[in-house]
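Everything below concerns the one structure shown next.
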There are 2 protein chains.
Amino acid sequence: MIYEYSYLQDFIRKVFLAIGCPEQDALLASKVLISADLRGVDSHGTARLSGYVRLYDNGRLNPNPQIKIVHETPSTAVIDGDKGLGLVVAPHAMKVAMEKANNVGSGWISVQNSNHFGIAGFHAMMALENDMIGWAMTNAAPLVTPTFSKEKLLGTNPIAVAVPAEKNPAFVADFASTAVAYGKMEILQRKGSPAPIGWVQDKEGNPTDDSNAVKNGGALLPLGGDREHGSHKGYGLGAIVDIFSGVLSGANFGPWVPPFATAGFMAAGEQVGKGTGHFLGAMRIDGFRPAADFKADMDRWIDRFHAAPAVDGQKVLVPGDPERELEAERKANGINLLEPVVNDLKGLADRFGIEF
Amino acid sequence: MIYEYSYLQDFIRKVFLAIGCPEQDALLASKVLISADLRGVDSHGTARLSGYVRLYDNGRLNPNPQIKIVHETPSTAVIDGDKGLGLVVAPHAMKVAMEKANNVGSGWISVQNSNHFGIAGFHAMMALENDMIGWAMTNAAPLVTPTFSKEKLLGTNPIAVAVPAEKNPAFVADFASTAVAYGKMEILQRKGSPAPIGWVQDKEGNPTDDSNAVKNGGALLPLGGDREHGSHKGYGLGAIVDIFSGVLSGANFGPWVPPFATAGFMAAGEQVGKGTGHFLGAMRIDGFRPAADFKADMDRWIDRFHAAPAVDGQKVLVPGDPERELEAERKANGINLLEPVVNDLKGLADRFGIEF
């Protein structure tokens, strides 16, 4: 089923309004969520809407949070999200980061007491229009094993970094610290297809091609896959994200990060901090060198990488290219939702008396 | 041949003195270089000493640089290394980062006009004693292909992040953004052994087990190895390091980063900036939350990861564990140098009239 993005976005906004979000928050949250659909991170978009409503139903989501600064210096702060939508808390924290960058060159905010913040790239990209570099990370419930571990201790813990250029579109890296996103496993599960070796391990920690491995006690593997191919580096990266987002803010960390509201996986267990943690950063380019000079060099960087000779049938991309192309295509031609997602939305429409 | 680390360190110091480094700089540079030998990053330690001397011989190294701040805000700066030893320029920049962190919570320094800075972890770990988180990155001459590229456009571009704990030793992640360090390829070359698939590609961009592939027009692969296993993420990571170190500082970037002084690979080609670039950062823990609370939570993090059930015959490590264990072992039992390295050192001893 194909839908216009603006239609879906408006529906999302109305659902957030229906659970009690203020007008501005509902609009912002709908922008973040639809941005994931547009940029091809389908698992973090409209498909999650009913999950946020389940978080609300279970008392884990405060639709009208009092987001506040717990502690700060001129360039750092911890922000308490007051159990608000991560979709709203993270942009709020990013605005504080940018204010600090305006004042003293950079701003770095660690966030506690939040929940799933959607697509990391959205928050990092907020910095671009101010000629700043944006940085966004979040921890998440454990799906990933450290190298040599049988136990899942880290989330897919993504990193996004957005860097402005002048004539070229911005450089936007946005990736999980795993070999593959869990959404790709779900696609294989629906098809009944095996997974490439290096994506998952079984419950004994052995390599497997079972695309249901995570459900069967196994785990996603860190970027690198196995020790020989550098999985300790992907593990290190996921750990850095966890520490900056969770430990530095006073949120939960490691295996204690509460799950998102997927069916049958609802309750948070023992807690060592408050909610889920994020880390947002902004650096003013002209805190380093004139923005025009920097952006001219970024154009040179991007042009040079695009010009590299590619293997047959491929081209060399710059981070952000595929998502931007998809966004243009989906804005023009609509967003294709799977039947279970459409049914979820119809259920929400019935419940809240919203047309869909 | 086994040498006491203090003997090697003192020899290194004397060589740096002999090429005209001030007393303090020679001592600091010797500490950084020997730290690589101690922590198992053999390719970045004593083995590089003759390379730094070749840089000096070729006029690419200023032994007595006037390191200066080009531009700054309260939390950011660009520093010009004046062609000094990266081993000295990077710690200088880290000190400026820590001063800024003391003043305004964090400090972020992009460095131009430097050269190889040795082991990234050394610089990041400088922050630990001040209850700060340290961050160190550098770009390097191109050995790595972006995903789908036949051409080498990025260096091995390492990242180091050091985080203090209380009763446990610090968390220290320090890794290149490639599947494997080039030093591991050199070990295979000496043995005449093939490389695992996923480490390198040949000059046409095909997977290969040729451990001489990089010499034969091929390239190291980004962390992830191939597109299916997330090489675009390792490429993104290496690109972020390059942009923060090179583009933000006004150093060279991408394929223009000048080579280190290895034989037959001496001259820098076209330049788009000044020398090699680094990026150093420091964040004061109590810019976020009380350091004691944070460090207690880091202990909990570290203990929890150590306690995870491991696959047979292994244990779950925390980043920094292997290097710290090796450092203790090598401080006690000495450092084993390969014959070519010993011959290099003997050559330097003869040239400068230093006992070895």
Can you list the residues of the stretch B:203-245 that have at least 50 square angstrom less accessible area with all protein chains present than in their chain by itself, probe 1.4 Å?
B:L223, B:E228, B:H229, B:K233, B:Y235, B:I240, B:I243, B:F244
Rolling a 1.4 angstrom probe over the protein heavy atoms, how many square angstrom per residue are accessible across the stretch B:263-337?
46
Heavy-atom surface of the stretch B:146-251, accessible at 1.4 Å and reported per residue (Å²):
31
Using modelled amide H (1.01 Å from N, peptide plane; none on Pro or chain starts), what sits under 5 Å from the amide H of A:S211, excluding residues fewer than 5 places away?
A:A195
What percentage of the solvent-accessible surface of the stretch A:120-258, computed with a 1.4 Å probe over protein heavy atoms, is contributed by carbon and sulfur atoms?
52
Under the Karplus relation with 6.51, -1.76 and 1.60 and θ = phi - 60°, whole-Hz ³J(HN,Hα) for the stretch B:124-130, x at Gly and Pro, equal 4, 6, 4, 6, 4, 5, 9
Semi-axes a, b, c in Å (a largest) for chain B, each sqrt of 5 times a Cα gyration tensor eigenvalue, come to 28, 26, 23
Placing the label point 7 Å from Cα along the Cα-to-Cβ direction, what are the distances from B:R190 to the equivalent spots in the other copies, shortest first, in nm to one decimal?
5.2
The chain A residue whose Cβ lies closest to the rotation axis carrying chain A onto chain B, with that distance rounded to whole Å, is A:S75, 2
For the pairs B:K31/B:K100; B:K68/B:K295; A:K167/A:K331; B:K150/B:K331; A:K152/A:K191, flag any whose C-alpha to C-alpha distance is greater than 32 Å.
B:K68/B:K295; B:K150/B:K331
Per-residue ³J(HN,Hα) for the stretch B:35-43, Karplus 6.51 cos²θ - 1.76 cosθ + 1.60, θ = phi - 60°, Hz, x for Gly and Pro:
4, 5, 4, 5, 8, x, 8, 4, 5
Enter the buried accessible area of the A/B pair, total of both sides, probe 1.4 Å, in Å² rounded to the nearest 100.
7300
Cα centroids of the stretch B:340-356 and the stretch A:153-203: how far apart, whole angstrom?
50
Run through the other copies and list how far each one's label point is from that of A:D299, in nm with one decimal, shortest first; the point sits 7 Å from Cα along Cα-Cβ.
5.5
Between copies, how close do the A:Q24 label points come, placed 7 Å along Cα→Cβ, listed in nm from shortest?
5.0
I'd like the residues of the stretch A:87-135 whose 1.4 Å-probe accessible area shrinks by no less than 10 Å² going from the isolated chain to the full set of protein chains.
A:V104, A:G105, A:S106, A:W108, A:I133, A:W135
Can you work out ³J(HN,Hα) from phi for every residue in the stretch A:233-245, in order, using Karplus 6.51 cos²θ - 1.76 cosθ + 1.60 and θ = phi - 60°, giving whole Hz and x for Gly and Pro?
6, x, 4, x, 5, x, 5, 4, 4, 5, 5, 5, 7
In units of 2.2 N^0.38 Å, the Cα radius of gyration of the protein assembly as shown is 0.93
Cα extents of the stretch B:1-136 along the three principal axes, largest first, in whole Å?
48, 32, 23
q = 0.26, 0.35 Å⁻¹: log10 I(q)/I(0) that the Debye formula gives for the stretch A:90-130, counting C-alpha atoms only
-0.94, -1.28
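The values are calculated or read from the model by the stated rules, or taken from the named source; none is laboratory data. All values derive from a computational prediction rather than experimental measurement. Positions of Cβ are generated from backbone atoms using ideal geometry, with glycine treated the same way; all protein chains shown enter the neighbour counts. Just the protein is used for accessible areas: all its heavy atoms, side chains included, with ligands, DNA and RNA removed. Shrake-Rupley method; radii C 1.70, N 1.55, O 1.52, S 1.80 Å.
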